[in-house]
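Everything on this sheet refers to the single structure shown next.
The values are calculated or read from the model by the stated rules, or taken from the named source; none is laboratory data. All of these numbers come straight from a predicted model, not from anything done at the bench. Here the Cβ positions follow ideal geometry from the backbone for every residue, glycine too, while neighbour counts run over all protein chains shown. Heads up: the accessible areas ignore ligands, DNA and RNA and are worked out on the full protein's heavy atoms, side chains in. Shrake-Rupley method; radii C 1.70, N 1.55, O 1.52, S 1.80 Å.
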Amino acid sequence: MDTFEDSLDPEEFGRLLRLGTEVSYRRGNQLMRHGERGDCVMVLRSGQVRVVKPEGDGQSWKLLGVRGAGELLGERAVLWFGERTATVEARGPVLAVKVARGVFQDFLREHPRSREVCTRLLAIRTDRYESRSLSGKPADRVRQALIELAEPRGAWWEVPLTQVEIGMYVQVSKAVVQRTVRKLRGAGLVGKAGRGSLPVPCLPCLRKAQKYGQGVRGCRGDRGCAVRLHGDSEYR
Ligand SMILES: [Zn+2]
């Protein structure tokens, strides 16, 4: 899955950025709030955010996913519903470009391809969340969660979540996540966990491990990684 930026013609993407204003956030700041009117979209330029949906009494919430540079935020409310369906929170310093609702709607009218990209990515994301694996071996679910949360970045990427949050995504306990992460680290498939983040040095290697199971070793982010360059089939 490509980012919004990668899916658009660079000139068209540049035009969209020029229609907005730059905004910056610090760790913990909310970029958008569940239930508010969707008065803008944002294009993430740098940093990472967590997307959550409050549940029931508002004390608990569901983790819907994470987003990084090049991705679009808040388009659902602008396209269809009017109200924000989730809360978006900065996981570190974030730089974004904010485009007002009406301006973005005009842009999509004038650029039908962008509109198509926008709705397609939204559909893929919704489908992925709804079909995420909640059965099967817990360790497989953790690996799958890391793959989904590290997408669409193919290169070194930090999943901006704690191990508890990663567990929430696929409904497994913290202990299972810790055990799985420890094994993956030993195999060079994830990096050292930071404060609320877990680096995935090479997504193709992690995918290969998910496909072929234990015993697959990762490249630890090597630029010349054969799996990244040539695919996994001939390197089993
Ligand atoms: Zn690799």
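Tabulated data for the structure shown
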read-out	value
Residue in segment 100-112 that is aliphatic (A, V, I, L, M) and touching a residue at least 40 places away in the same chain (Cβ under 8 Å) present	yes
Wholly within segment 36-131, strands (runs of 3 or more DSSP E) carrying at least 2 residues that are surrounded by 13 or more Cβ atoms within 10 Å (Cβ to Cβ) and either more than 18 Å from the chain's Cα centre (by Cα) or outside the structural domain of residue 15 (by TED's automatic domain parsing) (or both)	94-100
Candidate set: segment 8-19, residues that are more than 16 Å from residue 98 (Cα to Cα) and without any contact (Cβ under 8 Å) to a residue 12 or more places away in the chain; chosen: the one surrounded by the most Cβ atoms within 10 Å (Cβ to Cβ)	10
Every pair of residues 6+ apart whose Cβ atoms lie under 7 Å, when the first sits in segment 218-232 and is of a type in the set (Asp, Glu) while the second is more than 9 Å from the ligand (Cβ to nearest atom)	232/211
Sole exception among (1) in contact with a Gly (Cβ under 8 Å, 6 or more places away or on another chain); (2) open to solvent by 50 Å² or more (accessible area, probe 1.4 Å); (3) farther than 21 Å from residue 169 by Cα for residue 22, by number	(1)
Residue 186, sole failed condition from (1) open to solvent by 30 Å² or more (accessible area, probe 1.4 Å); (2) touching a residue at least 40 places away in the same chain (Cβ under 8 Å); (3) farther than 14 Å from residue 138 by Cα	(2)
